[in-house]
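The values are calculated or read from the model by the stated rules, or taken from the named source; none is laboratory data. The structure presented is a predicted model; accordingly, all values stated were derived computationally and were not measured. As a convention, Cβ positions derive from the backbone with ideal geometry for all residues, glycine included, and neighbour counts pool all protein chains shown.
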């Protein structure tokens, strides 16, 4: 398995590091990035080959991971297109870029997998939604699963429109969690705790609750009910949340993120 990365930023570095931990030789990995500092840092950290721009060397790689900002995806794809082989797999982690538009920018390249990872991938605990164009066979899907699986879990979808929903739920989701942690830290402050105490309690509560949900396999509603005694402290807090429409607000927020993801796809697709 030989993988080249176009873009060597944080997410690319997470994937490279994850694959090396899983036994992929550094000699089989390659990074292309126009920024000297970013490229040099990846080369030094992982012992991989690197270049400032796409060239003919890319043809020897099984997969090309497009790890660039969506605003520059079209320009980068056009510089990449002359150096692609029709059998190579292209995996995009560029948010909002539809696979059909990327295919067009790559001169009709058909072996494309569009993905949406999230930032916990930086510590190997991410989750990624993936969808493949019809030109991707079972072997290509497996290769994509291996690459994105190096930084966490992978979930496949048959409908590309669902990737916008993935963006809304798990792509943006870490920010929702951090937002709630901020609120708990503020409540702790108002209850007389210092910043360190409030952060320790809030973060450990989220970490523990998430692990409990992952390991128990039971619905979140059941786990919530087990913490909630009638007339108790948790019931009082949840009643206040419900009175303020917190759950509905979270749902509306995720739906707004989905709508914005669709708008971004339209905006970038007009390029």
So which residues in the stretch 55-75 are free of Cβ contacts under 8 Å to residues at least 60 places away in the same chain and either under 18 Å from residue 144 (Cα atoms) or more than 24 Å from the chain's Cα centre (by Cα) (or both), if there are any at all?
55, 56, 57, 58, 59, 60, 61
Examine the stretch 42-52 for a residue that is surrounded by 19 or more Cβ atoms within 10 Å (Cβ to Cβ), closer than 19 Å to residue 136 by Cα and at pLDDT 95 or above, and state whether such a residue exists.
no
Residue under question is residue 95, and the condition is that it be in contact with a helix residue (DSSP H, G or I) (Cβ under 6 Å, 6 or more places away or on another chain) and either at pLDDT 95 or above or not in a helix (DSSP H, G or I) (or both); does it hold?
yes
Residue satisfying all of: in the stretch 1-23; part of a loop (DSSP other than H, G, I, E, B) and touching a residue at least 60 places away in the same chain (Cβ under 8 Å); surrounded by the most Cβ atoms within 10 Å (Cβ to Cβ) among these
7
Select, from 107, 152, the only residue that is within 15 Å of the chain's Cα centre (by Cα) and surrounded by fewer than 22 Cβ atoms within 10 Å (Cβ to Cβ).
152
Single residue of the stretch 46-72 satisfying the filter (out of contact with any helix residue (DSSP H, G or I) (no Cβ under 7 Å at 6 or more places or on another chain) and assigned to a helix (DSSP H, G or I)) that is nearest to residue 110 (Cα to Cα)
60
Please pick out the residue among 102, 143 that is within 21 Å of the chain's Cα centre (by Cα) and either modelled with pLDDT under 95 or under 20 Å from residue 261 (Cα atoms) (or both).
102
Is it the case that the stretch 26-49 has a residue that's more than 19 Å from the chain's Cα centre (by Cα) and touching a residue at least 40 places away in the same chain (Cβ under 8 Å)?
no
How many residues are in contact with a strand residue (DSSP E or B) (Cβ under 8 Å, 6 or more places away or on another chain) and either part of a strand (DSSP E or B) or surrounded by fewer than 18 Cβ atoms within 10 Å (Cβ to Cβ) (or both) when one looks only at the stretch 29-41?
5
Residues in the stretch 232-271 that are in a loop (DSSP other than H, G, I, E, B) and either touching a residue at least 12 places away in the same chain (Cβ under 8 Å) or surrounded by 12 or more Cβ atoms within 10 Å (Cβ to Cβ) (or both) total 1
Selected residue (criterion: surrounded by the fewest Cβ atoms within 10 Å (Cβ to Cβ)) from residues of the stretch 110-132 that are outside any helix (DSSP H, G or I) and touching a residue at least 60 places away in the same chain (Cβ under 8 Å):
124
In the stretch 205-231, which residues are in a loop (DSSP other than H, G, I, E, B) and either touching a residue at least 40 places away in the same chain (Cβ under 8 Å) or surrounded by 10 or more Cβ atoms within 10 Å (Cβ to Cβ) (or both)?
218, 219, 228, 229
Number of positions in the stretch 98-109 that are assigned to a loop (DSSP other than H, G, I, E, B) and without any contact (Cβ under 8 Å) to a residue 40 or more places away in the chain
4
Given the conditions (1) at pLDDT below 95; (2) in contact with a helix residue (DSSP H, G or I) (Cβ under 8 Å, 6 or more places away or on another chain), which single one is not true for residue 220?
(1)
Do we find a residue being out of contact with any helix residue (DSSP H, G or I) (no Cβ under 6 Å at 6 or more places or on another chain), within 20 Å of residue 116 (Cβ to Cβ) and surrounded by 12 or more Cβ atoms within 10 Å (Cβ to Cβ) anywhere in the stretch 184-197?
no
